Amino acid sequence: MSLAFCGNENNSLAYNVDRGVLNNGCFLDALNVVPHIFLLFITFPILFIGWGSQSSKVHIHHSTWLHFPGHNLRWLLTFILLFVLVCEIAEGIVSDGFTQSLHLHLYMPAGLAFMAGITSIIYYHNIETSNFPKLLLALLFYWVLAFLMKTIKFAKYTEHSVGLRQLRYCITGLLALLYGLLLAVEINVILGRRYLCFTEATEVKPPEDLQDLGVRFLQPFVNLLSKATYWWMNTFITAAHRRPIDLKVIGKLPIAMRALTNYLKLCKAFESQRVKGPKWIWRALRQAFGRPLIISITFRFLADLLGFAGPLCISGIVHHISKDNRTIQPPLLGVYFISSQEFLANAYVLAVLLFFALILQRTFLQASYYVAIETGINLRGAIQTKIYNKIMRLCTSNMSMGELTVGQICNLVAIDTNQLMWFFFLCPNLWAMPVQIIVGVILLYYLLGISALIGATVIAVLAPVQYFVATKLSQAQKSTLEYSSERLKKTNELLRGIKLLKLYAWEHIFCHSVEETRGKELTSLQTFALYTSISIFMNAAIPIAAVLTTFVVHVHISEEADLSPAVAFASLSLFHILVTPLFLLSSVVRSTVKALVSAQKLSEFFSSDEIGDEQEPNATMPTGPSNHKTIPSGPRNHNNKYQAVVSTQLSHNVLRTLCFLEIVESVVITSGYFTWTDGTPTLSNVNIKVPFGQLTMIVGQVGCGKSSLLLAALGEMQRVSGTVTWNMKRGSVAYASQKPWLLNATLVENITFEMPMIKPRYKAVIEACSLQPDIDILPQGDQTEIGERGIILSGGQRQRIGVARALYQQTNVVLLDDPFSALDIHLSDHLMQEGIRKLLREEKRTVVLVTHKLQYLPHADWIIAMKDGTIQTEGTLKDIQNSDPKLFEQWKTLMHRQDGEFEKETVAESMTVLERKNLRRAMYSKEASKTEEEHEEESVESEEDDSLSQAMRHRTTIPWRSCGVYLSSAGLLLPLLLLSQLFKHTLMVAIDYWLAHWTSHVITIEGQFHHFSTYFSLSPAQYHVFSVLCCLGIVLCLVTSVAVEWTGLRVAKELHHNLLSKIILAPMRLFETTPLGNILNRFSSDTNTIDQHIPATLECLSRSTLLCVSALGVISYVTPVFLIALVPLAIACYFIQKYFRVASRDLQQLEDSTQLPLLSHFSETVEGLTTIRAFRYESRFRQRLLEYTDANNIASLFLTAANRWLEVRMEYVGTCVVLIAAVASISNSLYNHLSTGLVGLGLTYALMVSNYLNWMVRNLADMEVQLGSVKRINGLLKTEPENYEGLMAASQVPDGWPRQGEIQIQNLSVRYDTTLKPVLKQVNAHISPGQKVGICGRTGSGKSSFSLAFFRMVDTFEGRIIIDDIDIAKLPLQTLRSRFSIILQDPILFSGTIRFNLDPEMKATDDMLWEALEIAQLKPVVKTLPGGLDAMVTEGGENFSQGQRQLFCLARAFVRKSSILIMDEATASIDMATESILQKVVMTAFADRTVVTIAHRVHTILNADLVIVMKRGIILEYDRPQALLEKEDSVFSAFVKADK
């Protein structure tokens, strides 16, 4: 076929110019080429030369700065223009098909116009981002020329009576309009930017966001194409391959998306609402965030309507292939014109239109998702900020009276705000679903008549069932949650008390208890799995059931049923579309209900009581009445070395005059009545004065209202009547609460507390609070993280840090609420002297000290004594001695008693030393080794050169090994699972293939015989096979859904059981070197992932993968040519998923890790509310909240954008699959007579690929993250257990062993691990039966290791211990440990009954238990408890005092009645009275037993038969205590002297 611009037929009218050149069609088309050629010639040099050196462009995101007027409109018009030009090209090609020769003029100008259109937008984009508006002149000329040419052509068509029935006429008119509009946009740019015809151009500045290089989330700023395809994310996602994503990489949020901006928007909306209540919240949310939601819903409508193009185009394509319809019309203007009907009757045209419809549908759908999710995230940030600001104003009474707990508030933040966010995500579905269902049913009715309604009814009837299943699912999830929290509580106790359990050989009892709860949890999980499998089954089976019902009814009902492939496969696609909204329905309804409940909760919270604004007192300084003493003006040390900065809030004049004037009151409360609740006042008739610059002490019995008085002064209590006056406007007050409150921050940040660091002052404060020794132990010194997520500190250490914070601040007033309660006497004295008397008094600061330590009263300048919520008396000590001698005498006797105790007490070091020792141990064990994963990472990074690239490679590979571990745990269920999945998908393909075969059969028969009876006689066999296949398919759906869930359950059961068994038998070393939280996480979040998330993800992943594979298989079978095109598409998919998976995993982890600080900031704010408000630090904490919220939100936004990035690309790949499959199968049908049924089948499956491709990749990414849990658990499963077997069997060990309790230690050397140095070296000792032995030595001398060696808790690599003639190394571990008793320094009690705590093995009788309690002096205490021995012990034994807990441990040791008792610093953490009881019991009740006491208070072992002094793992001295004391130079006598 020859080629010519105007065609080369001899009789061609195309060359006829008799009636003027403009009346020649071919010339008109040639004229239209001119503008396009002009643009291409002008712009190409500028594009390639001018922008060749773009690297020099200024880099404030100018590349995304869109500042020309009408920017979005231009992009929109250009997209429409390009689409119309494609239609023009297609129309030209189709109309040219009617003639013998090719007429290039019909489609070549349109092709050039298409190129020019693309060039124009690229050219414009470059000019806009580089800000060279003058270069837009080229486009101005182009639009003018193009508009003129098209208008001339349109006018000529009209003149020659070419009308609306001809498609080319419509296209020409449309193009003229579009070029005109683009010309108007260009003129608008000239008017807006004044770069032409004006003397001065308009100055424009880029928005603030784009000037800030920290803003890297560019979605709001990029052009329309980049917005729709997330093109700007390309560099971000590919960079994730080279470098992990962290907060630095993702930068800051744009201003419009920041929590503060959205919070202000929300507040404005709230203020404009009149009525309060849940509706008030909804109205405010609608007002603040309604607009973007409407945009999202609009996008969703468009996407859903375009979604119906798929079935309609399939129907059209299959229908037109089977008919040959060509009607030739006479040519006009020398060329052929075709109508739009003829145009749309072309199968290829329909294929191209389907391609465009799908591209648009996917783009709109993703845009709808993105806008909804972005709105949801903005809303969450705004509500969280609003909740936080409400917390800052909350009444303390709400918190203390239990109306609002920290847990409830954290739930509001973590759960309820997320429920509202999810509602916003799913909101577009709520509006789009009805439209989708209605349109779908109408189209089905149009295709199938009445039978379609029956099929739709099947789906509709099963929708409520789906809802019922969904509600059952959430109920099952709730009960599972209850059991899993109970199991976690037990696991936590087990792990916390693991040392005791191992020493007493009770680990199996506790293990069984956890397993029992796990059994209940698994039963609940079975219900969950059952309903999940029903849900999955219904998802898969309903479309099959609907199709079966519809087609069978269709064939039976209508006499002339048209079940051609066109109808059958269009219906099939429509059913698939219809099922989606009905399945979403259940989750959308549930989400809506939850959102309504959350709104109700938030409404209640926002209307809860707030603290009243304090009245502004006059800034006058009232002088005290004359009965108060004046301050003696004695000499003072004014050049105080600690006074680094004189408090800024005190004027020098005030300070100077204070010493000479009468006392000025810092705080005055006059006839104050204060209450926490609305009942009787907690404090009544309070009249007090706190003198300025002096030390005031508040004393009184426990519960008399001392702490309340401080809080009343701070304005935290509800004031019923009276006044609180501060001498100046109340500024920041340094307040140390009774229960110390720490931030999740470094130790130094906790002390400086947002104040600048002043080194000398900081050192002085550390010294005053004796914190230096504690800091020295911490791994990073004072830069160590403390608080909830950091190092766990003891009560005393926490209290000293709280006091240090108050001392460091430079406020006028310091309030200390019982700072000595958790401190021993030496620390208390030191703090009193160095901190309060020296640091604070010398700075003339007003100090109010609540205390029980009456021996400090002589240091007070002013004393307030309280009793039962009223002021008993106030004044100086001398005043009180004169006015209330009885009270003074009472104090005096108490002071003496306390002093007497202090003289002989040396708890002093004891407690602190113990705290430090515990801390040191924790630190030592943390440093000594790391968890499995860190080892793995280290081994990856050990090679020097490749370390980073290797680590990156490590990140990009899927953890196949973990997948293997997971699947191998399934056992025999695995082959069942695989086979059922394969069979199911094979059957699905068979059903659709049979449908194709059946419907094609109809056509061929109809073609041969023109009456229907023959068809009907053949048909039953066909549809019977179809029915059987469908029923089998439904059954297999059930089998696979059950198989997946049951496999998941089996694996969950196996992994948890194995993990628990391993952990229980693991050596103590594991628990010392692995943070408890890490092990607990394996049992909590990781087990939860394996229980509930992996099965669902696995099911989704296998389904989407097999669907894609089967679809690609079917398409390749229908048109083998498709395989060639498949290769580049597969490569594209591989790279897209490879890059996405890495970025997605990083972003998911980042989102999780940024949520943690946000939630803990809420909980720590609630807990430290009084402190924050006392310091007046609300604004600083609000600022920090905004930072945390923004960090979490930007991670969420980037994750959303990354998901959209993937989905857009995968769906575009899917649309390419549809286009290629369509074109290939149409060609195959037209030229190789492929049956129409198979064409329909191929296209239906091609549509499915585009749906399931991104599901496959998303699930793969999720699976990868979730398999991390399996990997971490597997890491712990590799732990080597302790060697529980012995050379002797348990039966060989004599029953009563050890009877005598004789211990021989020969040449003993032990270490904690084979990699560590020995802690005991060549130790030899002999302990006779019944001897009381004391072991002492400094911290780290090996005393505790000595006791652990008896239980084989440490690695004995040399020597042996022989007890009653048996070498303990030969005994089974369980037997050995069950024959000794030990009392540890930390008393450990478990939740359960007292009976269970004393005897978990349930071997002892009640009499034996009561006897043990009597010996431990606990019988009276237990008798008074309800239930006696069956009284409950709370978690950790919190309902008993520390001393009582230690006595319970003694009773526990006694119950065991073993002849050897080991006391490991058992008296360290108890008071003198309890200690003396303990000593007495040991001497009497254990008189005939061997007792080994490890002591750090040497006076406790002075009565021992034998003393062993240790140093660095060797025995230094070994003799009777008297003999050692007689030697002046003995270490033991030095210890005793130091201890006095």
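Which value, in Å² and to the nearest 10, is the accessible area of Thr523 when all protein chains are kept and the probe is 1.4 Å?
Number for this one is 80 Å².
Can you list the residues, at least 5 places off or on another chain, whose amide H is less than 5 Å from the amide H of Ser339, using H built in the peptide plane?
When sequence neighbours closer than 5 places are left aside, the close amide H contacts are Leu167.
Would you mind getting the accessible area per residue of region 1318-1384, heavy atoms of the protein chains only, 1.4 Å probe, in Å²?
31 Å²
Once each part is reduced to its C-alpha centroid, what is the distance from region 1114-1144 to region 121-198 in angstrom?
39 Å
When the Cα centres of region 1483-1535 and region 1196-1274 are compared, how far apart do they sit, in Å?
Between the Cα centres of region 1483-1535 and region 1196-1274 lies a distance of 78 Å.
In whole Hz, with x marking every Gly and Pro, tabulate ³J(HN,Hα) for region 462-475 from phi via Karplus 6.51 cos²θ - 1.76 cosθ + 1.60, θ = phi - 60°.
For region 462-475, the Karplus curve yields 7, 5, x, 4, 4, 5, 4, 4, 5, 5, 4, 4, 5, 5 Hz.
Test of the criteria: in region 1252-1312, which trypsin sites (Lys or Arg not before Pro) are in a DSSP loop and have at most 12 other Cβ atoms within 10 angstrom of their Cβ?
Listed in order of number, the matching sites are Lys1278, Arg1299.
How much area per residue is accessible in region 727-807 when the probe is 1.4 Å and only protein heavy atoms are counted (Å²)?
For region 727-807, the solvent-accessible area averages 37 Å² per residue.
Tally up the carbon and sulfur contribution to the accessible surface of region 149-289 as a whole percent, 1.4 Å probe, everything protein left in place.
62 percent
Using Cα-Cα distances under 8 Å and only pairs 6 or more residues apart, what relative contact order does region 132-184 have, in percent?
This gives 48 percent for region 132-184.
For region 1193-1242, give the percent of accessible area contributed by carbon and sulfur heavy atoms, probe 1.4 Å, rounded to a whole number.
64 percent
Suppose accessible area is computed on protein heavy atoms with a 1.4 Å probe; arrange His105, His67, His1024, His1499 from highest to lowest.
The residues order as His1024, His1499, His67, His105, largest area first.
In whole angstrom, how far apart do the alpha carbon centroids of region 1380-1441 and region 209-263 sit?
60 Å
Determine the share of region 403-543's accessible area contributed by carbon and sulfur atoms, expressed in whole percent, with a 1.4 angstrom probe.
Result for region 403-543: 68 percent of the exposed heavy-atom area is carbon or sulfur.
Taking the Cβ of Gly1359 as the center, what net charge do the other residues with Cβ under 15 Å away carry, scoring Lys and Arg +1 and Asp and Glu -1?
The answer is +2.
Heavy-atom accessible area of Tyr169 with all protein chains present, probe 1.4 Å, nearest 10 Å²?
30 Å²
Tally Lys/Arg at +1 and Asp/Glu at -1 over every other residue whose Cβ is under 13 Å from the Cβ of Ile1394; what's the total?
Its environment carries a net charge of +2.
Compute the relative contact order of region 1231-1334 as a whole-number percentage, counting only Cα pairs closer than 8 Å that sit 6 or more residues apart in sequence.
This gives 17 percent for region 1231-1334.
If we count every other residue with Cβ under 10 angstrom of Ser474's Cβ, Lys/Arg +1 and Asp/Glu -1, where does the sum land?
Counting the neighbours of Ser474, the net charge comes to +4.
Can you give me the accessible area per residue for region 123-249, using a 1.4 Å probe, in Å²?
49 Å²
The values are calculated or read from the model by the stated rules, or taken from the named source; none is laboratory data. These numbers were taken from a predicted model, which means no experiment stands behind them. Reconstructed Cβ throughout: ideal geometry from the backbone, glycine too, with neighbour counts over all protein chains shown. The protein model used for the area step is the full one, side chains on, heavy atoms only, and it has no ligands, DNA or RNA in it. Shrake-Rupley method; radii C 1.70, N 1.55, O 1.52, S 1.80 Å.
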